[in-house]
Amino acid sequence: MKDLFSLLTQSLWLMEENWLKALVASLPDIKAARGTLIKDFEMTSDELQMFGSTAVIPIKGPIFARPNIITELLGIGCSLPKLMTDLKAAGSDSKVERIVIDIDTPGGTVVGVNESANAIRKLNANKPVDFYVGGQCCSAGYWLASQGNKIFVDATAGVGSIGVVAVVPKKEKGDEVEIVNSASPNKRPDPETKEGKEVILSMVDDLASVFMEAVASGRGVSVDKIKSDFGKGGILIGQRAVDAGMVDGISSFDEVVGMQTNPKGGSMDLKTLKAEHPDLIGQLVAEVTASMSGEIQALKDSVAAKDKEATEAKAALEAKSKEADDLQTQNTALDERTKSLEKKDTIRTQKEIAQEAKGIFEAKLAKSQISASLHKKVIAQIDHNKYVDDKGTFNAEAFAAAVDAEIKDWEDSLSAEGASPVFLGGSNFSREVVGTEDAKPEAVADRLLAHLGIKTEKK
């Protein structure tokens, strides 16, 4: 077997920097322990777990192209062959409707990652393959995750580190000298020279382009967006990764495992459907158009019927409005007629009341001791209208009582002045006062009252 330390230090890595440094630093100790391990690496894994119809596969630690001393002896990291074995088993099991990869990795080697990512993408077309990131999903890990259905992260998780790193050991004094044939100067590029560095950088850039194009395709974005928004080789935490479009949301492991997803390819959005099944889109459009055409025509007919009803209702309303106007005109004329009649009735009622009052007065005066010549003077002292209420009702009883009081007042006044209660006739007083030259009742009454000193108006 080739020296493990030399193999690792001369490989290209898709791994977060701190992990890579720690791994390289620990290689001498791992190299020393290599001789104690005698084991055939098995390509099966007992780490796949079932939660209902969801299979959960872990990717923990650095990702390696194949099982090795680090994964088998130290139990550190994940080998891609074992991962593919678990995915194949879950993909072929009819009881598995969905796969969740619980990933927490700083990344790993370049070898095998693209092939494994393509396998995940292919599997996701038949069964959704979701990723949950509780810690970190960097470099090679994010390459794999970008090819799945959805990526969910904890609020503290970090994703990204999109890029390729070449670890090249420095030559020390005493190292063996390598001589490369003249036709192949780039077989052993020297990173300490400008030319050698450019050769290595060109190779790294080419690999990074493949990486970014894969991520762009998996996430449904452009390569330019990858370069500008996906951290530029750095790591984005939680919500920042969501906002950039690197992941699909913040969640917990239990929530992700419990999610229900379309078993035939995840939550198929319109963009993915158009890209992967354009013929199906055409069929759907044709079917929807055909089914909707009848409904649209029915809707048009309904609208036309409603318009007709509205027109008829408007005509009926206009007719009712005209009837109402005519009725209002009739009511106005009727009101005027009623008022006219009420006015006539009021006048008639007032005349009747006046006649009734006059009858009461005359009847009572006829029975009194007051001379007929004074009757008009007495009547003038009482206004019968004061005994008519707001409703036009005449209080004849109260009026009669007032007349009695007034007559008594006059009789008492005349008696007090010494006048005869009966016309004052037959006495010298009568001949002197009344006289013979003017015997009209009103003139006699005035002269009598003047002689007696009684006022003609109400006291």
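Derivation of every value follows stated rules applied to the coordinates shown; laboratory data play no part. Remember, it's a predicted structure, so these values are computed and weren't measured experimentally. Counting neighbours? That spans all protein chains shown, and the Cβs are built from the backbone with ideal geometry, glycine included.
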*asked:* Spelling out what I want: for every residue of the range 243-251, take phi, set θ = phi - 60°, compute 6.51 cos²θ - 1.76 cosθ + 1.60 (Karplus), and round to whole Hz; glycine and proline get x.
replied: 4, 6, x, 6, 10, 9, x, 8, 7
*From the backbone phi of the range 157-165, what are the Karplus-calculated ³J(HN,Hα) couplings (6.51 cos²θ - 1.76 cosθ + 1.60, θ = phi - 60°) in whole Hz, Gly and Pro given as x?*
6, x, 10, x, 6, 6, x, 10, 10
*asked:* In whole Hz and in residue order, list the ³J(HN,Hα) couplings for the range 191-205 that follow from phi through the Karplus curve 6.51 cos²θ - 1.76 cosθ + 1.60, θ = phi - 60°; x for Gly and Pro.
replied: x, 8, 10, 4, 5, x, 5, 5, 5, 5, 5, 4, 5, 5, 4
*In terms of modelled amide H atoms, which long-range or inter-chain residues lie less than 5 Å from the amide H of Val247?*
Val242
*Amide H neighbours of Gln147 under 5 Å, at least 5 residues apart or on other chains, H built in the peptide plane: list them.*
none
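Fewest first, what order do Ser161, Ser321, Ser182, Ser413 take by the number of other Cβ atoms within 10 Å?
Details: Ser161 26, Ser321 10, Ser182 6, Ser413 17.
In order of increasing Cβ crowding within 10 Å: Ser182, Ser321, Ser413, Ser161.
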*Return Phe64, Phe394 ranked ascending by Cβ neighbour count within 10 Å, so the fewest neighbours appear first.*
Phe394, Phe64
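Within the set Lys150/Lys197; Lys60/Lys127; Lys197/Lys225; Lys127/Lys227, which residue pairs have Cα atoms separated by over 32 Å? Write down the numbers at each step before the final one.
Values: Lys150/Lys197 38 Å; Lys60/Lys127 22 Å; Lys197/Lys225 28 Å; Lys127/Lys227 30 Å.
Cα-Cα > 32 Å for Lys150/Lys197; rest within.
If neighbour count is taken as other Cβ atoms inside 10 Å, put Ile370, Ile296, Ile162 in order from fewest to most.
On the way: Ile370 21, Ile296 11, Ile162 25.
Arranged by neighbour count, lowest to highest, Ile370, Ile296, Ile162 become Ile296, Ile370, Ile162.
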